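**Student:** One structure follows; several queries about it will come next.
Nothing in this text is a laboratory measurement; each read-out follows from the coordinates by a stated rule. Keep in mind that what you see is a predicted model, and the values were worked out from it rather than measured. Every residue, glycine as well, gets a Cβ built from its backbone with ideal geometry; the counts of neighbours run over all protein chains shown.
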Amino acid sequence: MLPAVDPALSPPRSPTRRRFNQALFAWHVTARRDLAVRHATEPWAILVAEVMSQQTQIERVGPAWRSFVTRWPDPSALATAGTRDLLGAWAGLGYNRRALALREAARAIVREHGGRVPATVDALEGLPGIGPYTARAVAASAFGAPVAPLDVNVRRVVGRVIGGDLPPKELQAQADMLVARRAARDWLDGVMDLAATVCRPRTPRCAECPVRAMCATRQGGRATSQRAAPAPRFPSTNRWLRGRLLAAVREAPAGAWVDAPDGLGDHDRSAVLAALRGLERDGFLELRDGQARLATHA
Ligand code: SF4
C-alpha cells in the first residue's frame with residue numbers, strides 16, 4: 001500500500017501552467033478589454049462571434065454581431081435566412097463567404113445535432129466552414145474545453161513564452177498544456193488581450209509584460225519583432241474588388257440584373273469578369289451575358 005501523501009508537500013502538477021496563469025489572470029483583472037462579443041453566453045452567439053471576428057478586427061464586430069444574433073437567435077432561424085438578408089447583415093465585415101458558410105453550418109447543426117451547437121472539437125470541425133481555430137475557440141469559450149485555439153495572436157504569445165521554433169503539432173500540445181483547466185474562456189480572453197496590447201507583433205512591450213519572468217524569449221533576450229507586410233492599396237486587391245461588386249449587386253432591387261462595369265479601382269474588365277465568376281462559383285451571384293444578380297437560392 002502506498003503511503004499517504006501530504007498535498008502540501010506534493011510538487012505542483014504543472015508549475016509552468018500555474019505560474020503562467022496566475023500572472024496572466026492577475027494582470028487581466030484590470031487589463032481586460034470590454035468587447036461586446038464577450039457578453040455572449042449562448043454557444044450559438046459565441047459561434048457567430050468567432051466566425052465574424054475571423055479576418056475582421058474584433059472591435060468592429062460588436063454592432064453587427066448584436067443585430068445578427070438578435071435577428072437569428074439560433075441555428076434554426078439562420079438556416080432559413082435569405083441570401084439578401086444575410087449579406088445585408090454581414091455588410092462591412094468583409095469576406096462574405098463566411099456568411100454563407102455560417103448558414104451552411106446552421107443547417108448542419110439543425111440536421112445533425114438537433115439544432116444545438118455541438119460541444120466537442122471534432123463535432124465542431126465537422127461543420128461546414130468551421131476550421132480548427134474556430135472549433136477550438138467555441139469548444140473553449142462556450143463549453144469550457146481546455147484547448148488552445150491557435151490563431152496568429154495566440155501562436156505568437158505561446159511561441160514566445162515557450163521559445164524555440166516548434167513544429168505545429170508540438171506548439172499546439174504545449175499551448176493546450178497552458179490552458180487553465182477550469183477557466184478556458186478567461187484564459188483565451190487573457191492571452192488575446194496580452195497579444196493585442198503587450199506582446200504585440202512588431203513592438204512587444206516586455207518590460208510591462210505580466211509573464212516576462214517565465215518567457216523564454218524574453219529571458220533569452222530574443223523578443224523579436226515581426227515586420228508587418230506593407231499595407232496593400234485596397235483598390236488593387238481582389239478582396240476589395242469582390243466586396244465592391246457584391247455590394248453593387250446587393251443594393252440593386254431584388255431580382256434585378258446589374259451590368260458588369262468595364263473597370264473598377266485598379267481592375268480592368270477582364271479582372272472584373274473573373275471576380276464575378278469567382279463570386280458565382282462561391283454561390284453569391286448568378287451571371288448571364290455580362291450581367292449579374294444576387295443568387296436566388298436560399
Ligand atoms: S515577455 Fe515579451 S515576448 Fe515574452 S510574452 Fe511578454 S511581451 Fe511577449
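**Student:** Determine, at each q value in 0.16 (inverse angstroms), the log₁₀ of I(q)/I(0) that the Debye formula gives when each Cα of the chain is one equal point scatterer.
**Tutor:** -1.27
**Student:** Add -39500 (n - 2.57) for each DSSP H run of 4 or more in the chain, then divide by its residues: what number comes out at 222 nm, to the nearest 500 deg cm²/dmol?
**Tutor:** Working: 14 runs with 156 residues, N = 298.
Estimated from H runs of four or more residues: -16000 deg cm²/dmol.
**Student:** Under the 0.36 nm per residue contour assumption, what length would be gained going from the current alpha-carbon distance of Q291 and S270 to full extension?
**Tutor:** On the way: separation 21, 0.36 × 21 = 7.56 nm, distance 1.35 nm.
Full extension from Q291 to S270 adds 6.2 nm.
**Student:** While we're looking at this one, here's another question. What is the percent of Cα-Cα separations in the range 3-152 that go past 25 Å? Please list the in-between numbers first.
**Tutor:** Working: 3970 of 11175 pairs.
Above the 25 Å cut-off, the range 3-152 has 36 percent of its Cα pairs.
**Student:** Which net charge results when you count Lys and Arg as +1 and Asp and Glu as -1 among the other residues whose beta-carbon is under 12 Å from that of S270?
**Tutor:** Net local charge, S270 excluded: 0.
**Student:** Here is a further query. Have a look at V69, V110, V29 and tell me which one the Gaussian network model of the chain (Cα, springs below 10 Å) gives the largest fluctuation.
**Tutor:** Among V69, V110, V29, the largest GNM mean-square fluctuation belongs to V29.
**Student:** For the range 234-294, with equal point scatterers placed on the C-alpha atoms only and solvent neglected, what are the log10 I(q)/I(0) values from the Debye formula at q = 0.21, 0.23, 0.24, 0.27 1/Å, to two decimals?
**Tutor:** Relative scattering, expressed as log10 I(q)/I(0), comes to -0.72, -0.87, -0.95, -1.20.
**Student:** Right, something else. How far, in degrees from 0 to 90, does helix 152-162 lean away from the longest principal axis of the Cα atoms of the chain, to the nearest 10?
**Tutor:** The answer is roughly 20 degrees.
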